[in-house]
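Asks: Quick one: the structure is below, and I'll ask about it shortly.
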Protein chains: 2
Amino acid sequence: MTKVYLAGPDVFLPDAADWLGRKKAICAGFHLTGVAPLDDLPDPPAAWAALPEWRQLALRNEAHIRGCAAVIANLTPFRGPSADVGTVYEVGYARGLGLKVFGYATVAAPFLARTLASIGGGRRDPDGSWWDPDGLLVEQFGLFDNLMIEAAVTDSGGTMVHEDQDRWHDLSVFERCIEAAAATLLQPPLSG
Amino acid sequence: MTKVYLAGPDVFLPDAADWLGRKKAICAGFHLTGVAPLDDLPDPPAAWAALPEWRQLALRNEAHIRGCAAVIANLTPFRGPSADVGTVYEVGYARGLGLKVFGYATVAAPFLARTLASIGGGRRDPDGSWWDPDGLLVEQFGLFDNLMIEAAVTDSGGTMVHEDQDRWHDLSVFERCIEAAAATLLQPPLSG
């Protein structure tokens, strides 16, 4: 079965193992194998045992991603206007490897609106550009998050789904994302 | 000359071109060629001209990174407790390609303190774990940012430098980072 890596701050949920089990069940319903960050590796290098826990976790996540065809990234804004940086790192890592990226979020508001809310306003120039209180430009391309993230999804042939739902308790948006991923990843070979 | 990619939210500064020019001059002082996100590509694919600007910017940044030996990432917290997600994406992309990553920040406070300040406190369990108002766990490994970022620096053989300075107007911490990068990247071959 085609494997997909389930990236997201979901690992910080109090019931993360159960929650990721529900995500895997949804994947299975679309003939995909969901790989969770918390999953054990079948055969981790013995040398890792001597490393601090955080390094073992990072190496394990990267190994999981290398074994997958795509990353399904929960890009729901996390403690700020943007997605969780751990998830964004994994999206970048996947693109460096040439994997496909599919993203979803349980929030509909676009990046600009979320950023302006988070910085408490900002200053607008006559040309329409926005600047934050530190004097740094606010990105304004009409996207859902930073352009590198959205481009990773687009350039890889992936799909982005976002909709207002119960932020950390909804799986309907994830399910739509998995449906799109399955349609892309499991296309039958063209018959000749 | 060995090329290093200058990742960071510095591109959002009002004087970004001048600022990145100063960063390049520091690189040159250590016999490294700094490549800025704003630099033109020598020979961009003609097909890109038809793409929207944000996609051209992302493809150009990725092409720049592919041509470099390392990424020098400005990981100064940006509109939240973590680094700029565009920068973090580029760090992940670099690691997917096997590049080295060097990070720096003009802020000294560790990730846990910054996160607790940003979420307005949180709830602490008797076992010492912290939970945010949404009920999600706060990462607590004594690191400077999310473990994926710090592991990318460590696993690649890079260096992380952080120190309290004028957040968006200091280059002394960047210079120390470049000095460390040069020492690693420009090691003379072992004579036998």
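The values are calculated or read from the model by the stated rules, or taken from the named source; none is laboratory data. Only a predicted model underlies this, so the values are computations on that prediction, with no experimental measurement involved. Heads up, the Cβs are rebuilt from the backbone with ideal geometry, glycines too, and the neighbour counts pull from every protein chain shown. With ligands, DNA and RNA removed, areas are computed over all heavy atoms of the protein, side chains included. Shrake-Rupley method; radii C 1.70, N 1.55, O 1.52, S 1.80 Å.
Asks: Anything in segment B:100-119 that is open to solvent by 50 Å² or more (accessible area, probe 1.4 Å) and assigned to a strand (DSSP E or B)? List them, or say none.
Replies: Residue satisfying the conditions is B:Lys100 alone.
Asks: I'd like to check something: does segment B:120-135 contain any residue that is open to solvent by less than 20 Å² (accessible area, probe 1.4 Å) and away from chain A (no Cβ under 13 Å)?
Replies: Scanning segment B:120-135 turns up at least one residue that is open to solvent by less than 20 Å² (accessible area, probe 1.4 Å) and away from chain A (no Cβ under 13 Å).
Asks: Let me ask something else about it. Taking segment A:163-192 on its own, how many of its residues are in contact (Cβ under 8 Å) with a residue 60 or more places away in the chain and either open to solvent by less than 40 Å² (accessible area, probe 1.4 Å) or out of contact with any helix residue (DSSP H, G or I) (no Cβ under 7 Å at 6 or more places or on another chain) (or both)?
Replies: Just the residues of segment A:163-192 that are in contact (Cβ under 8 Å) with a residue 60 or more places away in the chain, to begin with: A:166-168, A:170-171, A:173-182, A:184-186.
In the following step, the residues that additionally are either open to solvent by less than 40 Å² (accessible area, probe 1.4 Å) or out of contact with any helix residue (DSSP H, G or I) (no Cβ under 7 Å at 6 or more places or on another chain) (or both) were identified as A:166-168, A:170-171, A:173-174, A:176-182, A:184-186.
Qualifying residue count for the region: 17.
Asks: Kindly indicate the residue of segment A:20-30 that is within 16 Å of the chain's Cα centre (by Cα) and without any contact (Cβ under 8 Å) to a residue 24 or more places away in the chain and also surrounded by the most Cβ atoms within 10 Å (Cβ to Cβ) among those meeting that condition. If you could, list the steps in order and put the result at the bottom.
Replies: Initially, segment A:20-30 is screened for residues within 16 Å of the chain's Cα centre (by Cα), giving A:20, A:23-24, A:27.
Narrowing further to those that are without any contact (Cβ under 8 Å) to a residue 24 or more places away in the chain: A:20, A:24.
Details: A:Leu20: 21, A:Lys24: 18.
That would be A:Leu20.
Asks: Please work out if B:Asp145 is under 20 Å from A:Val88 (Cα atoms), facing chain A (nearest Cβ under 10 Å), out of contact with any Pro (no Cβ under 7 Å at 6 or more places or on another chain) and surrounded by fewer than 17 Cβ atoms within 10 Å (Cβ to Cβ). Give the steps one after another, and end with the answer.
Replies: Numbers: under 20 Å from A:Val88 (Cα atoms): yes; facing chain A (nearest Cβ under 10 Å): yes; out of contact with any Pro (no Cβ under 7 Å at 6 or more places or on another chain): yes; surrounded by fewer than 17 Cβ atoms within 10 Å (Cβ to Cβ): no.
No: the conditions fail for B:Asp145.
Asks: Is it true that some residue in segment B:159-178 is more than 8 Å from chain A (Cβ to nearest Cβ), assigned to a loop (DSSP other than H, G, I, E, B) and under 28 Å from A:Asn61 (Cβ atoms)?
Replies: Residues of segment B:159-178 that are more than 8 Å from chain A (Cβ to nearest Cβ), as a first pass: B:159-166, B:169-178.
Pick out the ones that are also assigned to a loop (DSSP other than H, G, I, E, B) and you get B:159, B:163-166, B:169-171.
Among the residues that remain, those that are also under 28 Å from A:Asn61 (Cβ atoms) are: B:159.
So far as segment B:159-178 goes, yes, one or more of its residues are more than 8 Å from chain A (Cβ to nearest Cβ), assigned to a loop (DSSP other than H, G, I, E, B) and under 28 Å from A:Asn61 (Cβ atoms).
Asks: Which residue, of B:Leu97, B:Leu6, is of a type outside the set (Asp, Glu), open to solvent by 50 Å² or more (accessible area, probe 1.4 Å) and within 28 Å of A:Asp84 (Cα to Cα)? Walk me through it before giving the result.
Replies: On the way: B:Leu6 fails: open to solvent by 50 Å² or more (accessible area, probe 1.4 Å).
Result of the check over B:Leu97, B:Leu6: B:Leu97.
Asks: From the list B:Ala73, B:Ala83, B:Ala58, which residue is assigned to a helix (DSSP H, G or I) and either among the small types (Gly, Ala, Ser) or in contact (Cβ under 8 Å) with a residue 40 or more places away in the chain (or both)? I'd like the intermediate steps shown before the answer.
Replies: Working: B:Ala73 fails: assigned to a helix (DSSP H, G or I); B:Ala83 fails: assigned to a helix (DSSP H, G or I).
After applying the criteria, what remains is B:Ala58.
Asks: Can I ask one more? Please enumerate the residues belonging to segment A:1-27 that are assigned to a helix (DSSP H, G or I) and under 20 Å from A:Gly158 (Cβ atoms).
Replies: Step one: of segment A:1-27, the residues assigned to a helix (DSSP H, G or I) are A:9-12, A:16-27.
If the condition is that a residue be assigned to a helix (DSSP H, G or I) and under 20 Å from A:Gly158 (Cβ atoms), then A:Pro9, A:Asp10, A:Lys23, A:Lys24, A:Ile26, A:Cys27 are the ones that fit.
Asks: Could you go through segment A:107-127 and let me know if any residue there is within 19 Å of A:Pro9 (Cα to Cα) and touching a strand residue (DSSP E or B) at 6+ places or on another chain (Cβ under 8 Å).
Replies: yes
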